[in-house]
Each structure stands twice: as structure tokens, then as C-alpha cells.
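Okay, structure first, notes after.
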Amino acid sequence: MAERALPDISVLDLSLEIGGVYCTKLLADLGAVVTMVEPVEGGHPLRHLGPFKDGAEGPDGGGLFHYLCANKRSVALDLGSPKGRAEAQELASQADLVVESFPPGRMASLGLGYEALRVSNPRVVLTSVSYFGQTGPYRDWQGGEIVEQALGGYMYFGGHPDREPLMVPNNQPQLHAGMQAAIASMAALQWARSSGKGQHVDVSAVEAMLSAHCWTSTSWSHMGQVVRRAEPDCIPCKDGYIFIMGLRHNPDLFLMLERPELIDDLRFRDRESWTKNMNDLWGIVREWCLEHTKEEIFHGGQELLLPVTPVYNAADLTRSAQLEARKWFLDVEHPVVGTTTLPGYPYKFSETPPLVYRPAPALGQDAGPPPPRAKPPAPSRKRPPLVTESGDGPDLSLSGIRILEVTANWAGPLAGRHLADLGAEHIKVEPSDRLMSRRDHYAGDQPVRYFYNRSAYFNKLNRNKYGVTLHLSSPRGRELFLRMVKEADVVLENNSPRVMRNFDLEYPVMKEVNPKIIMLSISGFGHDGPHRDYVAYGANIEASCGLAAVTGYADDDRPYRTGMFYADPVTAGHASFAILAALSHRARTGQGQHIEMTLQEAGMTFFPEALLEYTYTGRLSRRRGNRHSRYAPQGCYPSQGNDMWLALSVRSDEEWLRFCRAVGRQEWDHDRFRSEEGRTAYHDELDRLVSDWTSLYDHHEAAAILQAAGVPAAPVLANWEMLSNHHFHDRGFYIPIAHPEMGVFPYPGMPWKLSDTPGVVRRASPTYGEHNDLVFRKLLKLGDDEIRELYEKGIAAHAPPEGTPL
């Protein structure tokens, strides 16, 4: 069996929500010893959610439990009893990390709060995953999937412009929270091992969602634009739907359409004409697609390097030649249900791959203390910084780690930003001969002379980084980059596989220069398999990873995307965690490695329920809009104002009674609606009644009324409301950052709060080539003549070439 990355970490998992469970899944799959505490009566709630194989319903048969809880130990304790609490306290005293998802304050009431835990275990890290965080006005609100999405900003621009906003299913906020909790926990553990001090980590599911936005907040803060819903843009074809990214000016499209004569058509002869006649172009594309299958369109377009992808459902994905070549799905033998097929992992590690080394446990099968963990490493020597930070700022978990970043677009830069926010010394290497991701979203929509330093999109993703320009395709630029690799810990790259291959800068070359280097590569479909050189952006992956197939209204056959390149932030978070895990392994063994990720595979990990529904039952998940399979009423309802909405969910008979009292409609609590089955059966009628009530109120007011009664509800926030929300302000989520050319604007902060080593914004994003001289002189030891020559030959630059388009 391959070596594990994290065998020296012992985790106590007290979480009952998916966020905490997903955090510990990521740790367990890389070898951490995870002991989950389950309620004595009935076990963990996930045991009862399914999907279930035929005849396998019961506490050991649930597919979601199998997926999230493989590799974990199970201990059954009654935390309501003194004996159960004492046993939990003893387990916590032996753990490096405790993860919990109780309502804020509950752990302290059990004698398991951070202040109590640190008495017997000063190095312990306690990670609390909650709906809204441990502090703030919403701290004690009732949460849930639709409520977190409403406040998390994605819901408002999801769906059709003529209908109610639409959520993305499969518990997205909780999965984001778990992913971010894993990042923060690893950073806190690294600090505990170097300092001997633990700390408390606070992760809010809503803030985790807010951290997964591309330009939602900056569209408002920089340009005054409200991001609204758009009509679905997946194109019908002979056997389903396909998606074409952008339809930007590219005559090769006409070769795919088998209409080469259109290359000379005056309607499409140049960029301006192309844009002016876009409706004609779409009509031609749609007519042609109806005569071809999605696979024909996919492969034909990709042969021309066009970003075309099919809308894949779970059945398509299980038959994918690319996923088969990469052996992504996992066949796992379970003692109760037999062979199961589970979703795979978001990454491949060359030396310490994630594995299922034991199936999900039976309830309480691991009574007693956990097995001894591997010996943790001694604190490692930190690299001296390029610049000694001034002032008495807080300690940072990743100080002394140096990362080189060669990325474009979103996934790679966001992965790097997470680590830079936690203290890593981060050097972003950009091309000296062209711009990468420095266009669009200018303040006031005014690019002006130095537009390349004024992109809100770039500046949001690249704070806390040093900026260097190098022409890597030149021998001298490549040589200097490899000298930087020799003095680095991590290389993070986010490009098509052919890019680093063409530079002759693949992992074996890096390893030869620095045997301890960790390299993480992100691409659309991977470095092997028949689709390895296919092109894709996050928008394409929303189609190909299963998101669009399960997102939509129940009465509308069309698939819906988010429009926000959703796979990018999902990939970014997993990439940050993977780098931290590889650093932990290297600290113990001295071994570097290559981590390879794809947007498609990482995106698929956030739709486990849809994949499991098919692999366990052979059925495809149906689009359900905003409804839940058991909770009713649940949905998105109109409130006062233009395109203003309220989300709510009633999860039990008791909540229904409280809802009726809160809205002053006790007469609604009659036989037809009194049971879960009745409310589900008459959901359409309930929607009309609820809409009549919500329409009388501002959505903030209505949410406050229902939350005061203990009913989950929240305003569906538009982007301008995200930035003005009092809860996010109270928690300091949006941070004003002063940029030398942009001025001061608010940007999303960190998706976690660490009590002793919080993330800090130390510097704004770099201007183009801002830190060339610093890096060339201090890190590479170049003299004045050598630096002058770099500029003269275009190997380095402080400005892009003349004539670079906006």
C-alpha cells in the first residue's frame, strides 16, 4: 500500500452536519486517524439519508454515509450523559484536531469548548463549522441548504430572469465549508507543531460560499452593476445539450459547423461584425447542433481547440472514456451492501495518493482509544523572507513557506491566495510578452492608460503576492525560473498540460533542480487520458461535471449553469488543502511530489448525491428546483421590491406549527398540511399561500420574523446586499484594501477565522512586474547589468507590449 500523507494526525470528529464530515473525509482519505463520535440512538444522521441499494436500507446502507465516512473509526457516545461527555473529553485530550458542527455555544455547554479542551491538551486545534459563524447577528439563526445559498450570493443570479432564483443542489454550502475547514485546520496544525500552541478555527458555511465568487462583489463595488439572472445557455443537440464557451470571434467555429463559406460572410468578417450579428450566429449554431450528438460536437470542436463540452449526467460520467482512463470512480467492498461504486478524489498525489483503506464503519465498531499515530515531525527551518514585515502584526501559520505561481484565470490564483493569506511568501510569475487575467472589471468601467493594473478581477485574486514578469519560453527566462524553483517549496501552475510541456518545465525537471519541490498542476481534464489536451474553462466544466444536469426547475427540461465558473473555486480550495497535506508529508519524510488536478474531477466531487443516486440505484437525479425531498414548504418566494426574494424551509411538524403562528395563519395548520406527507403532496398550494404572505414584507423583515420563531429563512441577497449586510460587516468579512492605482475598495476576506494566526492582508495585488527588481536582486542575486539585459531582451517587463488590447 502506498504511503499516506497524514498518518501523524489524529482527529476527533464530533460533527453531525456535512460540512464537518467533509472536512474530516479529506483528512481521512490522506491517512489521518479520524474517530467519529456518533449518537448511540440511531447513529450519525447521514446513515439514514441514502441513496440505498435495493434491499439495503438501514443504518449501514446509505451511499452518502459510505462516501463521506470511509476510512473513519466509529465510537458511539451519548454526549447528553456525564459518562459520554467524559469519554469524549478523554478522546479530545489525545487528538491533534477536534472538528464539530454544533450550534455556537453547544460545545462549551458540554464541557468541550476550546477553553476547556486546551487545559488538558494545549496543542489541540478545535475547528467549528457552523451555518453563520461563532459570532455576529445571525450566529443563532436556523440554517439549512437553501438558507445558506440565499445568503451566500449564488442563488440570486441562478435561474431564469422571469422566474424565482434557483439554487444548486447537493448541499453546496456545506461542502464548501468542509473544504475550507480542512484548509484552515491544516494551517492551524502546522502552527501548533511549530509553536506548541493550538487554536480555535471558526468556519461559516455562508462565508465559505461568499469566498467562492468570481466577480459578484466587484461588479457592484467597482462598476455599480447588479449581477442578475440570464436565460439558460446550454444548446439542445440530437441527444441532449452542449455548451460552447463565449462564442468569441473565431472563424474555426465555421469549420466545426461544416460551413467554411461563412468565414468570408460579411456578417462575421471581423470582431465587430461578429458581435453585431451574434443572433444570426446563434441561430446557425443551434440549427446545426440539432443534427449532431453531443459527443460528435464535443470531439469535433475540441479538435479545433474550441471550448465545447457536453452536458453530462451521472450516467454519462460513469461511461466517460476520460474518467475510465484515469480510474476516477472507486469500487469499494462493503461488508453489508457488497461492492459499491463511489465518487473519486479531487486530486492525484504521485507519492501519497488518497485511498479507501477501510469502508465506512458500523455504528460503534471501534470502541476504545484510537491506534497510535505516526510520530510527528520536528519543527522545520523556515526560509528567510524576501522582505522582513514591519510592525507588530499577528503570527501567520505558513510563514517561511515560499510558493511560485504560474497561473491564469481563476482556480490557480485563488488557490494561491488562500495560502498567501495564511502567510506563505508567494511569488506570482507572469509572462513578460502578454497579459494573463489582467483585463475586465475596471473601476467605474474606466480602463484608462494603465488598465492592466486596474482589473478588479485580477486584484481580488492576487493580494499578498509578489509579482514578477519572465518570458519562460526563452532560455534565459527558463533558467532564472529554475533558479527560483531551487529556492522554493511549492510550484503552483494552472494551464493546459501542453503549456509547461512546451516550456520543458514539467515535474521531472523541477524535481531534478529541487528534489523536495512540491508541484501542483491544474488543468481542465488532466495530464493523461484521451482528453488531456482538450480546452475548458470553469463555465465548460459546469456542463461536463454534472452541475447543469441536476440544476434547474422541476417543470423545465433545460439544464441551468451558475454562470460563475463554479468549478474554479471548488478546485482552488481542494488545491490549497492538497498543498498543505503535501507540505506536512514532506516535513516528516523530506519527500516532494507532484499533485495533479482537473477542473472536471474536482467539480464532480461536489455532486456526490447525484453520482451515488445513479451508481446505487441506476436512477438519475431529477431536477427539483428549490424544493427538498422531505421538507415542505421549501422554496424561494417573492417579497416587496423589484426582483427581491425570501428563501425558507420547514423541516418538521413542529416547525410548521411555529411557522403558522409566526405569520398569523393558524388556520393553515389543519389536517391537509399537518404532516410531512401532506405538505409535500400539496406543495403547490402551500407555495401560493406562502407567496401571499411574503409579498407583504421586505425580505429582511420577513426573515427576521420567521427566524425569531425558529424557522429557517433568509433574504436572497443580490450582490449589492452582500456588501452592505450587517452580519458580514460585524464579522469583518469584506476587507478594504488600498491599491496604489485603484484606490481603496472592499474585497472578500477569508473563509475562516483562526483565533491565534488569522489571515491578514499584508499587501495589495501587484502591479505588472512590480517586484521584478526585488526578486532578481535578493533571490536570484543578479547585478545591474544582468537586470538591464533582461529588460532590453524582453525577458522581463514593467508594462505589457505596446498595442496590447483592453
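The values are calculated or read from the model by the stated rules, or taken from the named source; none is laboratory data. All of these numbers come straight from a predicted model, not from anything done at the bench. We place every Cβ from the backbone using ideal geometry, glycine too, and count neighbours over all the protein chains shown. Accessible surface areas use protein heavy atoms only, side chains included; no ligands, DNA or RNA. Shrake-Rupley method; radii C 1.70, N 1.55, O 1.52, S 1.80 Å.
I want to verify the translational diffusion coefficient of the chain in µm²/s; compute it with Stokes-Einstein, Rh as the Kirkwood radius over Cα pairs, at 10 °C and 1.306 mPa s.
Answer from the Stokes-Einstein relation: 58 µm²/s.
What distance in nm lies between label points placed 7 Å from Cα along the C-beta direction at Arg558 and Met223?
So the label points at Arg558 and Met223 sit 2.2 nm apart.
Which Cys residues of the chain have no other Cys Cβ less than 4.7 Å away and so no disulfide-compatible partner by this rule?
Cys23, Cys69, Cys214, Cys234, Cys545, Cys636, Cys660
Just tell me which lysines come within less than 21 Å, Cα to Cα, of Lys238; anything on the same chain fewer than 8 places away is out.
Cα-Cα hits under 21 Å: Lys294.
When each pair of different Cα atoms in the stretch 114-273 is counted once in the 1/r mean, what is the Kirkwood radius in angstroms, to one decimal?
The answer is 20.0 Å.
Want the number for Glu287 to Val336: 0.36 nm per residue separation, take away the alpha-carbon distance, what's left?
12.6 nm
Of the options Pro376, Gly338, Ala362, report the single residue whose Cα projects farthest towards the positive end of the charge dipole of the stretch 332-423 (beta-carbon charges: Lys, Arg +1; Asp, Glu -1).
Checking the options against the dipole of the stretch 332-423, the answer is Pro376.
Between Leu305 and Ser675, take the C-beta separation as r, use R0 = 51 Å, and let me know the FRET efficiency to the nearest 0.05. Before the final figure, lay out each step's value.
Values: r = 56 Å, r/R0 = 1.11.
Given R0 = 51 Å and the Cβ-Cβ separation, E is 0.35.
Give a quick list of trypsin sites (Lys or Arg not before Pro) in the stretch 505-580 that DSSP marks as loop, anything other than H, G, I, E or B, with at most 14 other Cβ atoms within 10 Å.
Lys516
Can you list the trypsin sites (Lys or Arg not before Pro) in the stretch 348-393 that are in a DSSP coil and have 12 or fewer other beta carbons within 10 angstrom?
Those satisfying the criteria are Arg381.
Dipole of the chain (Lys/Arg Cβ +1, Asp/Glu Cβ -1, origin at the Cα centre): which of Ser724, Ala578, Val227 lies farthest to the positive side?
Result: Ala578, furthest along the dipole toward the positive end.
Can you work out the FRET efficiency for the pair Ala799 and Asp445, with r the C-beta to C-beta distance and R0 = 25 Å, to the nearest 0.05? Provide the component values of the computation, followed by the final result.
Numbers: r = 22 Å, r/R0 = 0.87.
Once the sixth-power term is evaluated, E becomes 0.70.
Distance in nm between label sites at Glu789 and Lys382, each 7 Å beyond Cα in the beta-carbon direction?
3.6 nm
Taking a 27 Å limit on the Cα-Cα distance, which of the listed pairs Lys511/Lys778; Lys327/Lys465; Lys348/Lys516; Lys465/Lys753; Lys25/Lys428 fall beyond it? Could the numbers behind the result be given before it?
On the way: Lys511/Lys778 23 Å; Lys327/Lys465 36 Å; Lys348/Lys516 18 Å; Lys465/Lys753 20 Å; Lys25/Lys428 31 Å.
Over 27 Å Cα-Cα: Lys327/Lys465; Lys25/Lys428.
Where in the stretch 298-358 are there GluC sites (Glu not before Pro) that are in a DSSP coil and have at most 15 other Cβ atoms within 10 angstrom of their Cβ?
none
Per residue of the stretch 532-538, in order, report the coupling 6.51 cos²θ - 1.76 cosθ + 1.60 (Karplus, θ = phi - 60°) as ³J(HN,Hα) in whole Hz, putting x for Gly and Pro.
Running phi through 6.51 cos²θ - 1.76 cosθ + 1.60 with θ = phi - 60° gives 4, 9, 6, 9, 7, 10, x Hz.
Rounded to whole Hz and in sequence order, give me ³J(HN,Hα) for the stretch 549-556 from the Karplus expression 6.51 cos²θ - 1.76 cosθ + 1.60, θ = phi - 60°, writing x for Gly and Pro.
Working through the residues one at a time gives 5, 10, 9, x, 7, 5, 9, 9 Hz.
Calculate the FRET efficiency for Val744 and Asp140 from the Cβ-Cβ distance with a Förster distance of 41 Å, rounded to the nearest 0.05.
Details: r = 33 Å, r/R0 = 0.81.
Computed FRET efficiency for Val744 and Asp140 comes out at 0.80.
Magnitude of the Cβ-charge dipole of the chain, K/R +1 and D/E -1, about the Cα centre, nearest 20 debye? Mind showing how you got there, number by number?
On the way: 83 positive and 100 negative charges, 448 e Å.
For the chain, the charge dipole is close to 2160 debye.
Show me the ranking of peptides 413-426, 289-302 by mean Cβ neighbours inside 10 Å, starting with the highest. Before the final figure, lay out each step's value.
Working: 413-426: 26.9, 289-302: 18.4.
By packing density, highest mean first, the sequence is 413-426, 289-302.
Work out the P(r) tail for the stretch 1-119: percent of alpha carbon pairs separated by more than 22 Å, whole number.
Tail fraction, whole percent: 35.
Accessible area per residue of the chain at 1.4 Å probe, in Å²?
Heavy-atom SASA per residue in the chain reads 37 Å².
Using the Karplus curve 6.51 cos²θ - 1.76 cosθ + 1.60 with θ = phi - 60°, work out ³J(HN,Hα) for each residue of the stretch 358-375 in order, rounded to whole Hz, and write x for Gly and Pro.
Each residue of the stretch 358-375 in turn: 7, x, 4, x, 6, 4, x, 6, 10, 4, x, x, x, x, x, 8, 4, 5 Hz.
For the stretch 256-299 and the stretch 27-55, what is the separation of their C-alpha centers, rounded to whole Å?
What the calculation gives is 50 Å, centre to centre.
Considering amide H positions built from the backbone, and no H for Pro or chain starts, which residues 5 or more places from Gln199, or on another chain, come under 5 Å of its amide H?
Val125, Leu126
Out of Ala415, Leu404, Met278, whose Cα points farthest toward the positive end of the dipole of the chain (charges: +1 Lys, Arg; -1 Asp, Glu; placed on Cβ)?
The listed residue farthest towards the positive side: Leu404.
Report the Cα-based extents of the stretch 344-450 along its three principal axes, largest first, to the nearest Å.
Principal-axis extents of the stretch 344-450 (Cα, largest first): 67, 37, 28 Å.
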